[in-house]
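Contents: one structure, followed by commentary.
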Amino acid sequence: MGANKSLLAGALNISRQTIHNYIESKKKFGTEGLLGGYNPKMGKNLEQHRKSTQHKRIQGTKAVILAKERKAKRLENQKKQQELDFEFGEQLVSKDEQPFKSLHDWKFTRFAGIFPYLIVLISTNQWLKLIMGYFGSAYKIFLVFLLMVANNIKSIEQLKNINQKEAGLILGLNKLPPKRDVWQWFYAACNLRFSTSLCKLFFKQQLLGGLVSTGVSKSP
């Protein structure tokens, strides 16, 4: 692709000669030469190369093998991922302020892409129970934050440009209120001053689960 060999070698932390060998091997033996560690200095006899590198090569259907490896890796990562193992708060939210309290027929909304986030947060991490337990009726601001993240909305002020009915529908709030009321939700949550304790609890769980470390590294 025209990359400079020396710069590429530096970026990959390998020698320039290694890159040259890769290029020459592919020219002489095709992609197979890259998989089996073929060396151009040994000549062009494919049969001889295959015999000498047979023990190094993947046996069986590569697509199936790679798919199994990816699945195993994915399951391993899922196992490592800890649920949001917070202690839940005890605030109660009245029935009238509960989300998704109204039933309705199928309706159009251009914000349907938010729903997969909601499904995972609610089903896997009990997210609504968490924010409602700590923030009471002020939990609604976190639904707004989710809307903003999913739609790359940079500030509450920019909410004036969205369809309030469609946005509120997908968030279970029926209709998103004017930004003045959204700011009131924001200040109501801030005045509870839970952020510090929740951050400490979150990182404590991450440390116990081995997902983050306290190590310090230096960089040039």
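The values are calculated or read from the model by the stated rules, or taken from the named source; none is laboratory data. Given the structure is predicted, the values throughout are model-derived calculations rather than measurements. Backbone-built Cβ (ideal geometry, glycine too); neighbour counts: all protein chains shown. Heads up: the accessible areas ignore ligands, DNA and RNA and are worked out on the full protein's heavy atoms, side chains in. Shrake-Rupley method; radii C 1.70, N 1.55, O 1.52, S 1.80 Å.
Listed by first and then second residue, the pairs with beta-carbon distance under 6 Å, at least 6 apart or on different chains, first residue in segment 165-183 and buried (at least 21 other Cβ atoms within 10 Å of the Cβ), second assigned to a loop (DSSP other than H, G, I, E, B) and basic (Lys, Arg), are GLY168/LYS175.
Just to be sure, is SER102 under 21 Å from PRO178 (Cβ atoms) and of a type outside the set (D, E, K, R)? So SER102 fits the description; yes. When you look at LEU12, is it under 34 Å from the mean Cα position of the chain (by Cα) and modelled with pLDDT under 65, yes or no? It is false that LEU12 is under 34 Å from the mean Cα position of the chain (by Cα) and modelled with pLDDT under 65.
Quickly run through segment 124-157 and pick out the residues that are without any contact (Cβ under 8 Å) to a residue 40 or more places away in the chain and of a type in the set (Val, Ile, Thr). Of everything in segment 124-157, those that are without any contact (Cβ under 8 Å) to a residue 40 or more places away in the chain and of a type in the set (Val, Ile, Thr) turn out to be ILE131, VAL149, ILE153, ILE156.
The residue that is most open to solvent (accessible area, probe 1.4 Å), counting only those in segment 120-164 that are part of a helix (DSSP H, G or I) and among the small types (Gly, Ala, Ser), is SER123. The residues of segment 171-201 that are closer than 27 Å to GLY113 by Cβ and charged (D, E, K, R), listed by number, are LYS175, LYS179, ARG180, ASP181.
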